Every structure is written in C-alpha cells, then in structure tokens.
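To start, I am sharing the structure in question, which I have written as structure tokens.
Just so it is clear, none of the values below were taken in a lab; they were calculated from the coordinates. Note that the structure is a prediction, hence the values are computed from the model and not measured. Cβ atoms come from the backbone with ideal geometry, glycine included; neighbour counts cover every protein chain shown.
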Amino acid sequence: MTQRLREYVRLTRLDRPIGIYLVMWPMLWALWVAGEGRPDPLVFVVFMLGTVLMRSAGCAINDYADRNIDLHVSRTRQRPLAAGTLRPREAVWVFAVLSLLAFALVLLMNPLTIQLSVIGVLLAASYPFTKRYTYLPQAYLGAAFGWAIPMAFAAQANALPPVAWLLFIANVLWSLIYDTMYAMADREDDLKIGVKSSAILFGRHDRLIIGLLQLVMFGLFVLAGLSLDMSLWYYLGLLAAAGFAVYEQYLIRGREAPQCFRAFLNNHYLGASIFVGIALHYLLT
C-alpha cells in the first residue's frame, strides 16, 4: 500500500511542486489585486487548495495522454504509466476525483466563479492532447494555468475588469516562455518521436524569440501597474523578476538540457518576485 501511494504521489507530481508554484503565483497576483491586498480568507483557502488539486489532476491526465510518448523520452520514461507501475484507467480516475474535489470547493464561491471553473476543467483536460496538433501547446498550457486569474477576480470582486485580462495574457506569455525552456530540454527526443513543441517551432531562433516574449510580458506587467496606479514597490518586484529573466537567458545560452531545465525551475522565483512587489504595495502604501 505504501508503494502504491508513492506511485500516486509521483503521478500527481506532489514530490515535484514546481508546477504548483507556477499556477499559484499568478493566482495570488490576481487575488491580491482584486482584494486590494486583503483577500477574503475563504476565497484564499479555496484557491490555494484548488491550485494543488487541479495541478495534480492535470499531471494525471497529462500522463494518461502521454503514456505511449513518455516511453521514448529519457526524462519521462520512469513515470508511473510509462513504467507500468500504475494502469491508465487509474490516472483517469485520479483526474476525475481530484477535479470533482476542486469543483466541490468552487461551489462555495459565487455563480460567476462556478461558471468560469467549467472552462478551467476543460482547459486542463484538453491541454495534454494539443501537442499532437499544434506547435504551441505551451501557449495553451498558459491559458490552462492562467485561468485561475479571471477566476480569482470573479471570486474576490465578482467582476472581470480589464486588468484581469492583462494579467491573464501576461501569464500566457510567461507560460510560453518557461515551457519553451522546458521543451528545449526534450527537443531531441521530441523530434525523434514526432511530438510538437514551441522549442521545435522556434528552432535556432529560440533564445531570441524567448527574449522578445519576455520584453512583451514585462511591458504588459508595466501596463497593469500603470492602470492600478501601483507604487515603487511593485516596480521593484518587476525589476527583480527581470533579473531572474536575464539569468534564465544566461542558463539557456548553450541549449544544454540540464541548464534549460534549471532555467525552467528558476521561474518560480520570477513569479514570486512579482507577487512580493504586489503584496508590498498594498502593505506599505
């Protein structure tokens, strides 16, 4: 039983929380902005638990979709479904149960949030299959990860102001950036088995395109700050985040798989820096 539970933890990546962080930070940006630094405690708890549940559910359905692909990728061939330690239908059940638990939490929120949650589940369930049809599944991942932003505004303010969509689009670009770095680590394997990714689409221009996307993303964060009349603290947070973005460019300079993966992981600190800037603005001004 202990071994089986360990396999479920591996299936849902609870032993690798980077995905939780990459969903959590954008959600917290939105929640703090919508609540002007004082989010409702119930909304905060529901969204924190929902982040863990939906990210875990997404990992389960992703491994189900990729169970025949992961066998051929060196980094993923030991995942539970690829290795045969769990059966495919178990992953489907895990996805269903975790999604239902997350939906039960959402029922504590207002009708607008409940309606938006349906779109969130559809995005999470369909994302893993997009890499068969498009070279930009990373952008679709951004929509799935970032859907917590409009949901947080809906739950906290019962409204979807323009700044919510500014932050959402910025998050889609951020996800495209960091998941391209992730895909750069798998590019050689993906080319062999015919899986599509932004890293393959961008080719030798990958670093340049990532850099341009980083500039546009930070431009959107500046626009959001101006629209909210944010103080210096917010922009200091953006400056720290920009420093991490420059460091990521340094890491991927040689396109070596371990360094590209390190650059992907570094985005945890980028997202955290932006949140710290937002939180300090509301705390100190």
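Go through segment 1-37 residue by residue and tally those that are of a type outside the set (D, E, K, R) and over 30 Å from residue 238 (Cβ atoms).
So in segment 1-37, the residues of a type outside the set (D, E, K, R) come out as 1-3, 5, 8-9, 11-12, 14, 17-35, 37.
If we keep only those that are over 30 Å from residue 238 (Cβ atoms) too, we end up with 1-3, 5, 8-9, 11-12, 14.
Of the residues in that region, 9 qualify.
Name the residues in segment 182-237 that are of a type in the set (Asp, Glu) and outside any helix (DSSP H, G or I), would you? So that I can check it myself, show each step before the final result.
Step one: filter segment 182-237 for residues of a type in the set (Asp, Glu), giving 186, 188-190, 206, 229.
The one that is of a type in the set (Asp, Glu) and outside any helix (DSSP H, G or I): 229.
Does segment 88-108 contain any residue that is polar (S, T, N, Q) and more than 16 Å from residue 46 (Cβ to Cβ)? Let's see the steps before the verdict.
Step one: filter segment 88-108 for residues polar (S, T, N, Q), giving 99.
Those left that are additionally more than 16 Å from residue 46 (Cβ to Cβ): none.
The answer is no, given that none of the residues of segment 88-108 is polar (S, T, N, Q) and more than 16 Å from residue 46 (Cβ to Cβ).
Specify which of the listed residues (101, 81) is touching an Asp or Glu at 6+ places or on another chain (Cβ under 8 Å) and either hydrophobic (A, V, I, L, M, F, W, C) or in a helix (DSSP H, G or I) (or both). Lay out the reasoning, then the answer.
Numbers: 101 fails: touching an Asp or Glu at 6+ places or on another chain (Cβ under 8 Å).
When all the criteria are applied, what remains is 81.
Of all residues in segment 132-145, which are over 11 Å from the mean Cα position of the chain (by Cα) and closer than 21 Å to residue 20 by Cα?
First pass over segment 132-145, keeping only residues over 11 Å from the mean Cα position of the chain (by Cα): 132-137.
The answer is 137, and nothing else.
Could you tell me how many of the residues in segment 1-26 are among the β-branched types (Val, Ile, Thr), assigned to a helix (DSSP H, G or I) and touching a Lys or Arg at 6+ places or on another chain (Cβ under 9 Å)? Full working, then the answer.
Filtering segment 1-26 down to residues among the β-branched types (Val, Ile, Thr) leaves 2, 9, 12, 18, 20, 23.
Next, from what is left, pick out any that are assigned to a helix (DSSP H, G or I): 2, 9, 18, 20, 23.
Imposing the further condition that a residue be touching a Lys or Arg at 6+ places or on another chain (Cβ under 9 Å) reduces the set to 20, 23.
Summing the residues that are among the β-branched types (Val, Ile, Thr), assigned to a helix (DSSP H, G or I) and touching a Lys or Arg at 6+ places or on another chain (Cβ under 9 Å) in segment 1-26 gives 2.
State all residues of segment 228-248 that are under 24 Å from residue 183 (Cα atoms), buried (at least 16 other Cβ atoms within 10 Å of the Cβ) and of a type outside the set (A, V, I, L, M, F, W, C); if no residue qualifies, say none.
248
For every residue, the table says whether it meets (1) among the aromatic types (Phe, Trp, Tyr); (2) over 20 Å from residue 270 (Cα atoms).
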| site | (1), (2) |
| --- | --- |
| 143 | no, no |
| 147 | yes, no |
| 156 | no, yes |
| 166 | no, no |
| 176 | no, no |
| 194 | no, yes |
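Among the residues of segment 251-285, what is the count of those that are in contact (Cβ under 8 Å) with a residue 60 or more places away in the chain and among the basic types (Lys, Arg)?
1
Results for (1) crowded, with 22+ Cβ neighbours inside 10 Å; (2) in contact with a Phe, Trp or Tyr (Cβ under 8 Å, 6 or more places away or on another chain); (3) not aromatic (Phe, Trp, Tyr), shown as yes or no for each residue.
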position: 108; (1), (2), (3): no, no, yes
position: 127; (1), (2), (3): no, yes, no
position: 142; (1), (2), (3): yes, yes, yes
position: 146; (1), (2), (3): yes, yes, yes
position: 155; (1), (2), (3): yes, yes, yes
position: 165; (1), (2), (3): no, no, no
position: 177; (1), (2), (3): yes, no, yes
position: 190; (1), (2), (3): no, no, yes
